[in-house]
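For reference, the structure discussed in these notes is given below.
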Amino acid sequence: MKLKLSAALLALLMCLSLLVISACGGGGGSSSPDGAGDTAADTASAETAAETTTDIYANLPTGDLGGREMRIINQLYTWAITQIDSEGIDGEIINDEIFNRNRKLEDKLNFTFKVTDDSGDVKAKVKTSVQAGDGAYDLMFTGAFRVAPSINEGLFTDLNTIDTINLDNVWWDQTTRGQYTLNNKLYWMHGSMQLMIYEGLWTMMFNKQIVEDFALDNLYDLVVDGKWTYERMTEMMKAVSEDLNGNGSHDFGDRFGIVTHTGSVFPFLHGLGEGVVKLGADGVPALAETDEKFVGITDALKSFYSDKEICGLEPVIKAGGGDMYSYFSNDLTLFLVEVMGRVRDIRQMDSDFGLVPYPKYDEAQEFHIGYISPDTSALFWPVTNTGYEDTGIFLENFGASSYETVRPAYYDVTLQGKRLRDNESEQMLDYIYGHIQCEYGFMFRWAGIDGVFKSMIADNKETVSTFDSVRSAVEGAIAKTMEYYDS
């Protein structure tokens, strides 16, 4: 498959790339996958152009940290690369770049890394430390939704108040920064120093062999031409679904249009231009209004997830003794939707695969919208860490060195070189990274709205009455959170 990109279209896309996302549930970014804006993964050419005019590393703070330890507690995940330190060179490029980065930083600033990797409740350990006042941890990396619901416990420092870090630098992710900021306060942040900003992005993978076998439309062309819509996606899924085992029902062993789990309801919802909780004009999160469009989209999602002929949900696949990744690899589904961290589970498949954004609601929707998992690990600064100068110097150098060495190793070599199979998918990924949105309802989990929404879709409950039944509780929970942000 090849992208149909004329010179005129490319020029138009470059102009459109000036748009960027400003808030969750809002819009921004370019309207085509070849015009990604200022994102976690700017294209190499754009970075090169910027760096030839400005040395982004020229004004890094420096100093002697006196041989101290920089104590970091780091959440481990089974589905994502979360590595911060390394014991030695082993030939794997990411590991080796991390090792080299850390040793050079230690020599430059005179400190040592002390990283505590933990697969348990990292936030609870920091809470115990803060309450004891022992200052055991200088920094914490964990998923935002593991902290956000209890942010008003006062365990973490507003990053906007720390003048020894410059959050405008390119190693801090600017797209999510704007979305995580409420009332000018920012308690967590993604950056190049921890790779999960890339791993936590939801993606839509397609099986090229099935596309060829059924003579389906070129998906890349559909995206570029603005015709990759929800309706076109479901048409393709219906075209390929088949009862291969001949038992009269769609189950394990049959071909589906898509395999996924119910966590994908949120990226699909955002891809269609909606959200469960969105920022209002006053900058305050508010539960979505159940207007005609919202009801129509949620009804479409209910129909989609309940259609057993096109949608193979994870429990169905597991009941047959399989998993979603082998199912996709064995050419038994057209689409697989998951986070980028899971792409490694299919990279050895024989058939080629590609990657596209989530479909738009219709052709009138300006651009495709990406979605980042609320469990994507972010940086938190415990309030017991008052070493603002030392930690600030460390973080800026940590971020800059990561952006210069580890990020390219991940993005350009490991991700694009090992995981993705074609240049078009790389362009699509650049584009998706430029249009990331979060879901406030899933991140803060106000009155359990994330579970309520998933249950509403899975159990085909009526949208208006469901939202009416929880609106008061959700709005009350939001108000309590905002009291903390307003204090």
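Determine the sum of side-chain charges near VAL276: Lys and Arg each +1, Asp and Glu each -1, restricted to other residues whose C-beta is under 9 angstrom from that of VAL276.
Details: positive: LYS278; negative: GLU274, GLU439, ASP450.
Neighbourhood net charge equals -2.
Compute the projected area of the convex hull of the Cα atoms of the chain, averaged over all viewing directions, and report it in nm² to one decimal place.
Values: hull surface 93.2 nm².
Directional mean of the projected Cα hull area for the chain stands at 23.3 nm².
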If amide H atoms are modeled at 1.01 Å from N in the peptide plane, then the residues at a separation of 5 or more from ALA378, or on another chain, having amide H under 5 Å from its own are THR142, GLY143, ALA144
Near the amide H of VAL115, under 5 Å away, which other amide H atoms are found, from residues 5 or more places off or on another chain, if H is placed in the peptide plane? ILE72
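Hey, what did the chain get for relative contact order, percent, Cα under 8 Å, at least 6 apart?
Details: 911 pairs, mean separation 132.1, N = 487.
For the chain, the relative contact order is 27 percent.
Could you pull out the chymotrypsin sites (Phe, Trp or Tyr not before Pro) across segment 148-217 that fall in loop regions by DSSP (anything but H, G, I, E, B) with no more than 16 other Cβ atoms inside 10 Å?
PHE214
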Two-decimal Rg/Rh across segment 219-342, once Rg and the Kirkwood Rh are taken from alpha-carbon atoms: 1.03
Output ³J(HN,Hα) for segment 477-484: one whole-Hz value per residue in order, computed from phi by the Karplus curve 6.51 cos²θ - 1.76 cosθ + 1.60 with θ = phi - 60°, and x for Gly and Pro. 5, 4, 4, 5, 5, 5, 4, 5
Which whole-angstrom value gives the distance between the alpha carbon centres of segment 115-164 and segment 245-272? 37 Å
If you plug each phi of segment 262-276 into the Karplus form 6.51 cos²θ - 1.76 cosθ + 1.60 with θ = phi - 60°, what whole-Hz ³J(HN,Hα) values come out, in order, with x for Gly and Pro? 5, x, 6, 4, 6, x, 5, 4, 5, x, 8, x, 10, x, 6
Taking a temperature of 25 °C and a viscosity of 0.890 mPa s, what whole-number D in µm²/s does Stokes-Einstein yield for segment 335-487 with Rh from Kirkwood over alpha carbon pairs? 126 µm²/s
Answer with one residue from THR181, ILE162, GLY135: the one whose Cα lies farthest towards the positive end of the charge dipole of segment 131-182, charges on Cβ with Lys, Arg +1 and Asp, Glu -1. THR181
Hey, how many Å between the Cα centroid of segment 165-208 and the Cα centroid of segment 385-414? 14 Å
Placed amide H near GLY135: partners under 5 Å, 5+ positions off or other chain: none
Neighbourhood net charge (11 Å Cβ-Cβ; Lys/Arg +1, Asp/Glu -1) for PHE145: 0
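State the dimensionless ratio Rg/Rh of segment 292-418 (Rg: radius of gyration of Cα atoms; Rh: Kirkwood radius).
Details: Rg = 20.5 Å, Rh = 19.0 Å.
In segment 292-418, Rg relative to Rh is 1.08.
Hand me the GluC sites (Glu not before Pro) from segment 273-355 located in a DSSP loop with no more than 13 other Cβ atoms within 10 Å, in residue order please. Don't jump to the answer; show the numbers that get you there.
On the way: sites: GLU274, GLU289, GLU292, GLU309, GLU338; in loops: GLU274, GLU289, GLU309.
Taking segment 273-355 and a limit of 13 other Cβ atoms within 10 Å, the loop GluC sites (Glu not before Pro) found are GLU289.
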Length-normalised contact order of segment 277-400, Cα under 8 Å, at least 6 apart, in percent, tallies to 9 percent
For segment 166-263, which trypsin sites (Lys or Arg not before Pro) are in a loop by DSSP, counting at most 16 other Cβ atoms within 10 Å? LYS227
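Restricting to the chain, compute how many DSSP beta bridges are antiparallel as a %, nearest 5. Could you put the intermediate results ahead of the total?
On the way: 22 of 42 bridges.
Counting DSSP beta bridges with both partners in the chain, the antiparallel share is about 50 percent.
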Taking a cut-off of 19 Å between Cα atoms, list the aspartates and glutamates near LYS104, but don't count ones fewer than 8 places away on the same chain. ASP64, GLU69, ASP85, GLU87, ASP90, GLU92, ASP96, ASP390, GLU396, GLU404
Hits among aspartates and glutamates - C-alpha to C-alpha of LYS185 under 14 Å, sequence gap 8 or more where chains match: ASP158, ASP163, GLU483, ASP486
Going residue by residue through segment 218-229, the Karplus relation 6.51 cos²θ - 1.76 cosθ + 1.60 with θ = phi - 60° gives ³J(HN,Hα) values, rounded to whole Hz and with x marking Gly or Pro, of 5, 5, 4, 5, 4, 5, 5, 7, x, 10, 7, 10
For segment 89-149, rounded, prolate or oblate, judged on the Cα gyration tensor with a ≥ b ≥ c (square roots of eigenvalues), a/c < 1.5 rounded, else prolate if a/b > b/c? oblate
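May I ask for the net charge around LYS185, where only other residues with Cβ less than 14 Å from the Cβ of LYS185 are counted and Lys, Arg are +1 while Asp, Glu are -1?
Working: positive: ARG177; negative: ASP158, GLU483, ASP486.
Residues near LYS185 contribute -2 overall.
Averaged across orientations, what area in nm² does the convex hull of the alpha carbons in segment 125-242 project? Kindly include the intermediate steps, with their values, before the conclusion.
Values: hull surface 47.5 nm².
Averaging across all directions leaves 11.9 nm² for the Cα convex hull.
Return the subset of LYS238/LYS360; LYS123/LYS318; LYS125/LYS480; LYS227/LYS454 for which the Cα-Cα distance in this structure is over 26 Å, preserving the input order. Walk me through the numbers on the way to the answer.
On the way: LYS238/LYS360 18 Å; LYS123/LYS318 32 Å; LYS125/LYS480 24 Å; LYS227/LYS454 28 Å.
LYS123/LYS318; LYS227/LYS454, as the Cα separations exceed 26 Å there.
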Please state the relative contact order of segment 189-292 as a whole percent: Cα pairs under 8 Å, 6+ residues apart? 13 percent
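Every number in this text was worked out from the coordinates using simple rules, so none of it is lab data. Remember, it's a predicted structure, so these values are computed and weren't measured experimentally. In this analysis, Cβ positions are derived from the backbone assuming ideal geometry, glycine residues included, and neighbour counts consider all displayed protein chains.
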